[in-house]
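Written out below as structure tokens is the structure these notes cover.
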Amino acid sequence: MSVPVVIFDLDGTLIDSDEALIDPFVALGISRETITFGHPIEDECVRLGISVDAYVGAYDTDIVEPFPGATELIDALQDITRWAVCSNKHPRSGHAELERLGWRPEVAMFTDAFSGRPKEVAPVLRALGVTAGDAWFVGDTEHDRRCAADADVRFAWAGWNPRVPQDVSGLRLDRPSDLLDLLGNGH
């Protein structure tokens with residue numbers, strides 16, 4: 001059996017970006033307590049009454065760092081399987097962060113690929129030319145879990161993000177390297 005393709009959410013899954021995502025809102029006068037995660041940036045900007053261009057202009061793509069172990073995970077995956085990104089992030093900042101980190105997913109779909117709607121895993125599967133049974137989706141939000149379920153793709157929680165509760169239903173990975181163990185076990 002071949003190793004499944006892995007599709008990742010980006011923010012909160014591979015990169016520890018909470019503060020970087022919040023900072024532009026705060027700089028534009030939005031209270032931290034009103035900011036939420038896990039949906040297209042366009043939706044959050046509309047909800048909070050600011051323009052996407054203003055938000056993206058205030059976003060600093062140089063401050064986000066990978067979660068501990070994420071770079072090693074990506075390096076190892078490149079030797080054993082294909083990988084992709086499926087994210088609600090704005091494409092300008094998403095591509096800039098991938099470039100800065102030296103990460104080269106086979107497919108990287110951001111909010112523009114979904115016409116402003118929340119991300120979907122099915123278009124990523126089509127772009128990769130694989131079926132749902134050939135893939136895992138790894139994410140950190142309930143929306144990510146639903147995206148995987150909607151596409152009939154296996155899902156794993158990025159439990160290395162402290163925002164992911166200990167008691168989530170389904171498979172919760174504690175460290176990025178746990179994914180390699182999962183893939184090595186033939187799942």
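All of the numbers you see were taken from the coordinates with simple rules; none came from a lab. On a predicted model such as this, the values are computed, not experimentally measured, just so you know. Quick reminder, even Gly has a Cβ in these numbers, built from the backbone with ideal geometry, and neighbours come from all protein chains shown.
For the chain, modelled as a GNM with alpha-carbon contacts under 10 angstrom, which of VAL85, VAL153, VAL130 fluctuates the most? For the chain, modelled as a Gaussian network with Cα springs under 10 Å, the answer is VAL130.
Please list, by residue number, every one of the trypsin sites (Lys or Arg not before Pro) in the range 147-187 that is coil in DSSP and has at most 13 other beta-carbon atoms within 10 Å.
Values: sites: ARG154, ARG163, ARG172; in loops: ARG163.
Answer in residue order: ARG163.
Eigenvalues of the alpha-carbon gyration tensor of the range 1-109, scaled by 5 and square-rooted, set the equivalent ellipsoid semi-axes at 28, 13, 12 angstrom, largest first. With helices as the sole contributors, the chain gives -10500 deg cm²/dmol at 222 nm; each DSSP H run of n ≥ 4 counts as -39500 (n - 2.57), and the sum is divided by every residue.
With r defined as the distance between the Cβ atoms of ASP79 and ASP23 and R0 fixed at 45 Å, what FRET efficiency is calculated, to the nearest 0.05? It comes out at approximately 0.80. Full extension of the chain between ARG100 and THR36 gives 20.5 nm of extra length, using 0.36 nm per residue less the Cα-Cα distance.
How long are the three semi-axes of the equivalent ellipsoid of the range 18-58, in whole Å, if each is the root of 5 times an eigenvalue of the C-alpha gyration tensor, listed from largest down? Numbers along the way, then the final one.
Details: eigenvalues 30, 28, 20 Å².
Calculated on Cα positions only, the semi-axes equal 12, 12, 10 Å.
Amide H contacts of ALA108 (H built 1.01 Å from N, in plane; Pro and chain starts excluded): VAL85 sit under 5 Å, all sequence-distant by 5 or more or on other chains.
Charges only on Cβ, +1 for Lys and Arg, -1 for Asp and Glu: so what's the dipole of the chain about the Cα centre, in debye to the nearest 20?
For this selection, approximately 460 debye.
Measuring nothing but how far apart in sequence close Cα pairs (under 8 Å, 6+ apart) lie, relative to its length, the range 18-58 scores a relative contact order of 42 percent. Taking 0.36 nm per residue of separation and subtracting the Cα-Cα distance, what length does fully extending VAL46 through GLU120 add? So the extension gain works out to 24.6 nm. Relative contact order of the range 70-164: 20 percent, from C-alpha pairs under 8 Å at least 6 residues apart in sequence. At what distance in angstrom do the alpha carbon centres of the range 121-187 and the range 16-87 lie from each other? Value for the Cα centre distance between the two parts: 19 Å.
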